[in-house]
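The values are calculated or read from the model by the stated rules, or taken from the named source; none is laboratory data. Here the structure is a predicted model, which means the values were calculated and not measured. No Cβ is skipped: glycine too gets one built from the backbone with ideal geometry, and neighbour counts run over all protein chains shown. In case anyone asks, the SASA skips ligands and DNA or RNA and just uses the protein heavy atoms, side chains included. Shrake-Rupley method; radii C 1.70, N 1.55, O 1.52, S 1.80 Å.
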Amino acid sequence: MFSKRLLFRSVSAICALSMSAFAFAQSDADDEEVIEEVVVTGTGASVARTQFETPQSVTQYNEEDLRSFSSSSQADILTQLPGVSAEGGGGEVATNVFHRALPSGGQFSFTPLLYDGMPAFTTFGLNSSAFDVFYRNDLGIERSEFVSGGVSNLFGPGSVAGIVNYLSKTGDDDPTGTLQIEVAEEGRFRGDYFFSGPLSEDSDTYYALSGYYRVDEGPLKSGLETKGFQVRGNIKHMFDDGSGSVTVYGQAIDDSVQFFLPLPVDGNSRERVSGNDGGEVFTMNTVDATGLSYSTPDGRFVTPIGDGVVTKGQSIAVVLDKDLNEDWTMNAKIRYARYDHQFNLFLDGDAIGPNTPETQAEYLANRGIDAFAANAVFTFADNNEVLPANYLLFGNRTLDRWRDATDFSAEFSVGRNLTIGDAEHAITIGGFFSNSEADDINYITTYLGEFSNAPRLVNVTLTDVADDGSGENVLVATPGSDFMWTMNGLANANGMVGNRLRSASRTAFYVADQIEAGDWSFDFGARVERLDGDVRQFNTDSFQMGNDPTVSDLIENVSFTDGSITADTLSATEWAFSGGLLYRLDDTKNLFFNASRGFFFPQIRSVPFSEGRLASYEGEIIDTIEAGIKFDYDNWDGYAAFFFTTLDDRRNVDFENDPNNPGNIIEVVTLQSTEAYGIEGSITYYLNDYWSLHGNITLRDHEFTKAGSADVVGKELRRQPTEMVNTAVRFNYGNFDAALFHNYHGDNFANDNNSVELDGYNLVRLEAGYNFEFDSGQTMRISAHVFNLTDEQGITEGSPRQGNAQSGEPAQFFVGRPILPRRTMLRVTYDF
């Protein structure tokens, strides 16, 4: 049941000032133009409806919206959506997205990420990389659409919750261009461009080209850079008879992004703490870990941790839209992508001892070598200086993951418009096919650092020791010699902890009928899909570096397996059905309802081998209901809706510390069923020609109805608050404009058994700019953007590696990830 506090905040939020989601404080004509944008996501080719006329929740953002509240990641955009919680505390990629309390580890599990109606990647769960590692937004985006529920989830790659679709600009008869420079604190520079126009005079073929180059030493300084570029473009040819177009899309990306995981913060206040040097600790990422290396059966391994999250590759796509005659339409899409991809990250501790900063004595005791404490010397690895006795230590790991991937998809559909009685039908019949393949190769390297921001590495030497004092336990082979417990900071490495190649083919057929009958609109549709998967597990040579107390140095223990391959296939077939209706009460109010029975194919990486065969594989069933009312008046618009969702037998996958092999990471799979219900509402109000207000609010209740552990049943879903609010105000006067955005993310829990509660937080952003106008329609805009204006330190997650074992009890330290700190950006945008 909703709490009194939740209801009080709800009333307060609806009364508050809020973000203008679709519109600016302009003339009524401009407002109407924005509201009347036709929805193209998840509709038949011959269907033209505005968001006010669709029997489901739809949110659209135009180009200016995206520019104003986009800072660096998808989270800056998606967190504005009703019903969606999104956070980008990890940096520019791997945004955690949660929608309507469906259980997820984040990423884009239930919300496919599309560009121009085509998936950034078609199959989720071949490995754990999120879809947003393959694409970056740039000036070439015209608008975005988020469609939730209804028959929209039946088209293309399908969905069970909603679809995020970014639509690119295409050229027209008027050549246009945009150049933008952005600079920010902590060494950020980004240059963007966009050009479009006809390929030649009197041509029916048009081009659009966009891209960026960016280098960034922040937002958290570790000595490691975020750096790279992307180029996107399209060529569109309009048929002479006006019957449609064919468009070729292309993308090339070579980008490296630093990713940030949780770190030790104050155990009581949950705020950042001071490190050994007295400075505030923002990240455990450190340039000193680059170059750590050790021998493997395949040669010397050197960690690529300095590269962060790397994506290099290309994609190409062709889209055909064609009116065959007055009644028949055709749409075809085909896309191929190939990416060299790594996801290298610093973990949140070495999983030995408390997994928090330790004194030097505690470090020895937690590793069972405290008997030699009198002979232990701690020195900095870079200059051999002895650490002060009061300096804390933090053992940590790097996880280097190779995720090379290829992705092919094709979709073909035909539409038929016909009249039956008084009803106009738009029938769409189509099919979707995809084939995806991705590596999943993982290396873990453990090292020792001191506890400071971007820590220096530490060597531990046990000097001139023959035994542990008892006369029985010999430490080194040669009495009186030294033993290097860590060398160049390197403690031990589990080496390769996984080498798998997974692929999936999806084949789907769908049919939908979107009907207009007087004051009524009806949507009905169904989808049948089969997934065929293949898993190859390479039992290659394995190895583990270790601290061996029988020799005089850190050694490398190398063990060999038979090098065999364990392989098997899996398959599943599922069906989905959706229905919706909308009733026009009058010109300003519409009632809507939709319900669906959908499915989600489990992540293939969640299916284990048992005696050489993969475990059973079945679809996860999701049932959803949504009902509400939409408003569209001259100076305000919005909607309010109730929703209900259930999910059965989801295979949830977590990366957790291995309790049987300290320092190692294992994938923990649990079966979960959940139930959620709630209300959400959104409103945009135009006070006058200068001011506009917007707000949206989501209130929900959710729980596990089935889980792998009895103490989880009845508990709330992790990292999903029961209340979320977005508010903002926009001001536009002449050439000056400004906007203040506020996001409230309510109290939630870090883990499934709800042992760790995370307090809600407020994220405030400010954006303001001035436009200079020149001849021939040229303009220059100078603007400033402040992310996290109040420098809030709200915690977005606990330690995923500890899972349900993490404690929320007060202690000196707590491992969690705060939202990114305040950052000011300046932009100069020239349009011509």
(request) Calculate how many DSSP beta bridges within the stretch 77-181 are antiparallel, expressed in % of all such bridges and rounded to the nearest 5. (result) 80
(message) Placing unit charges on C-beta atoms (Lys and Arg positive, Asp and Glu negative, everything else neutral), compute the dipole magnitude of the stretch 74-182 about its Cα centre in debye, rounded to 20.
(response) 520
(request) Report, in debye and to the nearest 20, how large the dipole of the stretch 651-765 comes out about its Cα centre when Lys and Arg carry +1 and Asp and Glu carry -1 on their Cβ. (result) 320
(message) Apply the Karplus curve 6.51 cos²θ - 1.76 cosθ + 1.60, θ = phi - 60°, to the phi angles in the stretch 149-158 and return the couplings in whole Hz, x for Gly and Pro.
(response) x, x, 6, 4, 7, 8, 7, x, x, x
(request) Write down the accessible area per residue of the stretch 318-363 in Å², having rolled a 1.4 Å probe over the full set of protein chains. (result) 41
(request) Would you work out which of 148, 387, 238 lies farthest towards the positive end of the dipole of the chain, given +1 charges on the beta-carbon of Lys and Arg and -1 on that of Asp and Glu, about the Cα centre? (result) 387
(message) If I take every Cα pair under 8 Å that is 6 or more residues apart in the stretch 563-709, average their sequence separation and divide by the length, what percent do I get for the relative contact order?
(response) 17
(message) So for the stretch 67-191, considering every pair of alpha-carbon atoms, how many percent are separated by more than 24 Å?
(response) 30
(request) For helix 4-15, report the angle its Cα long axis makes with the longest principal axis of the Cα atoms of the chain; keep it between 0 and 90° and round to the nearest 10°. (result) 50
(message) Out of the total accessible area of the chain (probe 1.4 Å, heavy atoms of protein only), what percent is carbon and sulfur?
(response) 54
(request) Per residue of the stretch 329-345, in order, report the coupling 6.51 cos²θ - 1.76 cosθ + 1.60 (Karplus, θ = phi - 60°) as ³J(HN,Hα) in whole Hz, putting x for Gly and Pro. (result) 10, 9, 9, 9, 9, 9, 8, 9, 9, 9, 9, 8, 9, 10, 10, 9, 8
(message) Charges at C-beta only: +1 for Lys and Arg, -1 for Asp and Glu. How large is the resulting dipole of the chain about its Cα centre, in Debye rounded to 20?
(response) 1080
(request) Once you have a ≥ b ≥ c as the square roots of the Cα gyration tensor eigenvalues for the stretch 649-688, tell me rounded if a/c is under 1.5, and otherwise prolate or oblate according to whether a/b is larger than b/c. (result) oblate
(request) Please name whichever of 269, 447, 339 sits farthest to the positive end of the charge dipole of the chain, dipole taken about the Cα centre and charges placed at Cβ: Lys and Arg +1, Asp and Glu -1. (result) 447
(message) For residue 441, what residues show an amide H to amide H distance below 5 Å, using hydrogens built from the backbone and excluding near sequence neighbours?
(response) 402, 500
(message) So for each of 508-514, 48-54 I average, over its residues, the number of other beta carbons within 10 Å; can you give me the resulting order with the highest mean first?
(response) 508-514, 48-54
(request) State, as an integer percentage, the relative contact order of the stretch 119-188 based on alpha-carbon contacts under 8 Å between residues 6 or more apart. (result) 26
(request) Rounded to whole Hz and in sequence order, give me ³J(HN,Hα) for the stretch 632-645 from the Karplus expression 6.51 cos²θ - 1.76 cosθ + 1.60, θ = phi - 60°, writing x for Gly and Pro. (result) 8, 10, 4, 10, 7, 8, x, 7, 9, 8, 9, 9, 9, 9
(request) Quick one: compute the contact order of the chain, relative version, from alpha carbon pairs under 8 angstrom and 6+ residues apart, as a percent. (result) 13
(message) Report for the stretch 610-752 the percent antiparallel among DSSP-assigned beta bridges with both residues inside it, nearest 5.
(response) 100
(message) Before I look further, what does the stretch 644-797 give for accessible area per residue, probe 1.4 Å, in whole square angstrom?
(response) 39
